[in-house]
Amino acid sequence: MTNIFMADLIDFEKEGGPLIEPIVGITCSHDRNRQPDQYQLAGAYCRAVQKVGGIPVLLPAIPRMERPLSSFCQGLLLSGGGDFDPGFFGEAPHSALGTVDYERDCWEINLIRKARREGLPILGICRGMQAINIALGGSLYQDLPSQYPESGKDGLVEHSQSIPGDQVTHRVKIAESSLLYKIVESTEIWTNSHHHQAVKGTAPGLEITAWSDDGVIEGIEGKDDRFLLGVQWHPERLSTPESHRLFAAFVRACRGKMD
Ligand code: MN
């Protein structure tokens, strides 16, 4: 009986011979409260990359890195996580601000700028999308319920869903001219939602390409032809065709950086 690992190898070969897999660097969190401390990442990110033919490699925060990112990976995936330090967009902490990790913030901002300079594909998920916006000069709502009261009004859109994350809860509308539209092939999809922060001021060079019904920004992308995409939901936890296509498109772009 073939196990899942063997089945995946066979699938790759069916698609026209074995392909060398691109390496996707994925950021992760750091739990300093555990003894000993732990770097952590939900397994779903790694499985989503692996399923579409990429090799996931974790990128725990280090103080500096002179080495080009492209010398050891072909794409950057920014994972979800805690809140951003509002100092990065010139604000004092709001009372509803959650846990921040300044070292992770700095590391991700550096990685995004580096990947951008080197022309590597970038995919940001949830906090990762917010990281892209901050790295390129944008700002965030520190807490949607208190700073964007329209969200969640009359129970219209719940951005911090209580049902399991593999189920969709709210609708997202997608601009037809966008990269996201080309990937998911629809102007409307249903997504999960696990965030209390959101993009406020969009960074120069970025375009808003997806919204929920209350106007909260759910997707951003670069204005040029380099692959730069951020989504506010968690496609890695969904088994929808759109989620699969999102990772497939990203890893395909990473593969394009191999030669
Ligand atoms: Mn949402």
Would a scan of the stretch 226-237 turn up a residue that is modelled with pLDDT under 95 and out of contact with any strand residue (DSSP E or B) (no Cβ under 9 Å at 6 or more places or on another chain)? no
For the subset of the stretch 200-249 comprising residues that are under 13 Å from the mean Cα position of the chain (by Cα) and among the β-branched types (Val, Ile, Thr), which member is surrounded by the most Cβ atoms within 10 Å (Cβ to Cβ)? ILE220
Return a yes/no flag: does the stretch 126-133 have any residue that is free of Cβ contacts under 8 Å to residues at least 24 places away in the same chain, more than 14 Å from the ligand (Cβ to nearest atom) and out of contact with any Gly (no Cβ under 6 Å at 6 or more places or on another chain). no
State all residues of the stretch 96-125 that are surrounded by fewer than 21 Cβ atoms within 10 Å (Cβ to Cβ), closer than 28 Å to SER212 by Cα and touching a residue at least 40 places away in the same chain (Cβ under 8 Å); if no residue qualifies, say none. ALA96, LEU97, GLY98, ASP101, ARG116
Close pairs (8 angstrom Cβ cut-off, 6 or more residues apart or separate chains): over 13 Å from VAL231 (Cα atoms) in the stretch 242-259, among the hydroxyl-bearing types (Ser, Thr, Tyr) and part of a helix (DSSP H, G or I) anywhere: LYS257/SER70
Over the stretch 25-41, the set of residues closer than 23 Å to ILE125 by Cα and acidic (Asp, Glu) is ASP31
Considering residues that are of a type in the set (Lys, Arg) and within 14 Å of the ligand (Cβ to nearest atom), the number found within the stretch 166-193 is 2
Picked from the stretch 136-164 (must be of a type outside the set (A, V, I, L, M, F, W, C) and within 30 Å of ARG116 (Cα to Cα)), the residue nearest to the ligand (Cβ to nearest atom) is HIS159
Output the residues belonging to the stretch 197-233 that are more than 10 Å from the ligand (Cβ to nearest atom), more than 18 Å from ALA135 (Cα to Cα) and touching a residue at least 60 places away in the same chain (Cβ under 8 Å). GLY215
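The values are calculated or read from the model by the stated rules, or taken from the named source; none is laboratory data. In this text, all values refer to a predicted model and were calculated from it rather than measured experimentally. FYI the Cβ positions are ideal-geometry reconstructions off the backbone, even for glycines, and counts take in every protein chain you see.
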